[in-house]
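Some notes on the structure that comes next.
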Ligand SMILES: [Zn+2]
C-alpha cells in the first residue's frame with residue numbers, strides 16, 4: 001500500500017488493526033477503507049473516541065513496596 005497522508009493536515013496515517021480504518025492521530029479522525037480502497041474524505045471520516053489506549057497500572061513508583069526503615 002502506498003504511503004497515505006491525511007487530506008486535512010497532510011500528516012501520516014496509521015492503520016487501525018482492529019477496525020481496518022486509517023487513523024489520523026492529529027485530527028483524531030478515522031478514515032474508512034472500503035474494498036481495500038481508503039476513502040480519504042473528511043465527510044466519510046468519523047471522530048475517534050477519546051479512550052485511553054491502555055490502562056496505566058500499576059502507577060509508576062514503588063507501589064506495593066514496604067517503606068524503607
Ligand atoms: Zn490529519
Per the list (1) within 16 Å of the ligand (Cβ to nearest atom); (2) modelled with pLDDT under 90, residue check on residue 58 breaks on (1)
Which numbered condition residue 4 misses (of (1) at pLDDT below 90; (2) surrounded by fewer than 10 Cβ atoms within 10 Å (Cβ to Cβ)) = (2)
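The values are calculated or read from the model by the stated rules, or taken from the named source; none is laboratory data. Small disclaimer: the values here were computed from a predicted structure and weren't measured. Neighbour counts are summed over all protein chains in view; Cβ atoms, including those assigned to glycine, are modelled from backbone coordinates with ideal geometry.
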